[in-house]
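See below for the structure under consideration.
The values are calculated or read from the model by the stated rules, or taken from the named source; none is laboratory data. Everything quoted here is computed from the prediction, not taken from an experiment. Cβ placement follows ideal geometry from the backbone for every residue including glycine, while neighbour counts extend to all protein chains displayed.
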Amino acid sequence: MKYEHKEFTLTLKEIIQQKEKQVQVLLEQMKNEHVARFEQLDLTLEAEFERVGIDPFQPGYSSSISIGISDLDNELIDLYTVYIWECDRSFLGLTILKNLPGSKVKGELLDESIEELEKELYEYIEDHLT
């Protein structure tokens, strides 16, 4: 779901932080559940939560999760990334770094519920276990 700068409220910040925490817990749970099964197939499952920036409403801030699967030689076989929240500044539809007059700050929050995301991640993992 996309948000304009005028929609950036304390409530939205709390929703972002809550979703980030829920996704972190889900990711750890899934990693712990499946790491042994991947090792049996001589594969490595890596799962990380990443946050860039401090304030969710500052352009450049993003939070995401990544699930990587690699072989015994640490060669990446597949990588799956889901962005939870991204905030950027744009001018005429192009993402920019500088605060130009007329530029807009926007954010995008993951639309899926935790249950939907969990199902999606489980399907992704199961596809690599078969």
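Of the listed requirements (1) assigned to a strand (DSSP E or B); (2) more than 15 Å from Gln18 (Cα to Cα), Tyr83 misses just one: (2).
Among the residues of segment 49-80, none is identified as crowded, with 18+ Cβ neighbours inside 10 Å, of a type in the set (Phe, Trp, Tyr) and part of a strand (DSSP E or B). Considered as a group, the residues in segment 19-53 that are of a type in the set (Gly, Ala, Ser) and out of contact with any Asp or Glu (no Cβ under 8 Å at 6 or more places or on another chain) include one that is nearest to Val82 (Cα to Cα), and that residue is Gly53.
Would you mind finding the one in Gln40, Gln22, Gln17 that is surrounded by 13 or more Cβ atoms within 10 Å (Cβ to Cβ) and either more than 20 Å from the chain's Cα centre (by Cα) or touching a residue at least 60 places away in the same chain (Cβ under 8 Å) (or both)?
On the way: Gln40 fails: surrounded by 13 or more Cβ atoms within 10 Å (Cβ to Cβ); Gln17 fails: either more than 20 Å from the chain's Cα centre (by Cα) or touching a residue at least 60 places away in the same chain (Cβ under 8 Å) (or both).
So the residue among Gln40, Gln22, Gln17 that is surrounded by 13 or more Cβ atoms within 10 Å (Cβ to Cβ) and either more than 20 Å from the chain's Cα centre (by Cα) or touching a residue at least 60 places away in the same chain (Cβ under 8 Å) (or both) is Gln22.
Can you tell me which residues in segment 80-96 are out of contact with any helix residue (DSSP H, G or I) (no Cβ under 6 Å at 6 or more places or on another chain) and closer than 28 Å to Ser113 by Cβ? If the condition is that a residue be out of contact with any helix residue (DSSP H, G or I) (no Cβ under 6 Å at 6 or more places or on another chain) and closer than 28 Å to Ser113 by Cβ, then Thr81, Val82, Tyr83, Glu86, Cys87, Asp88, Ser90, Thr95 are the ones that fit. Close Cβ contacts (under 6 Å, 6 or more residues apart or on different chains) running from residues in segment 100-126 that are without any contact (Cβ under 8 Å) to a residue 12 or more places away in the chain and of a type in the set (Asp, Glu) to residues that are part of a helix (DSSP H, G or I) and surrounded by 14 or more Cβ atoms within 10 Å (Cβ to Cβ) are absent. Inside segment 92-130, residues that are modelled with pLDDT of 90 or more and either part of a loop (DSSP other than H, G, I, E, B) or within 22 Å of Pro59 (Cα to Cα) (or both) make up a count of 10.
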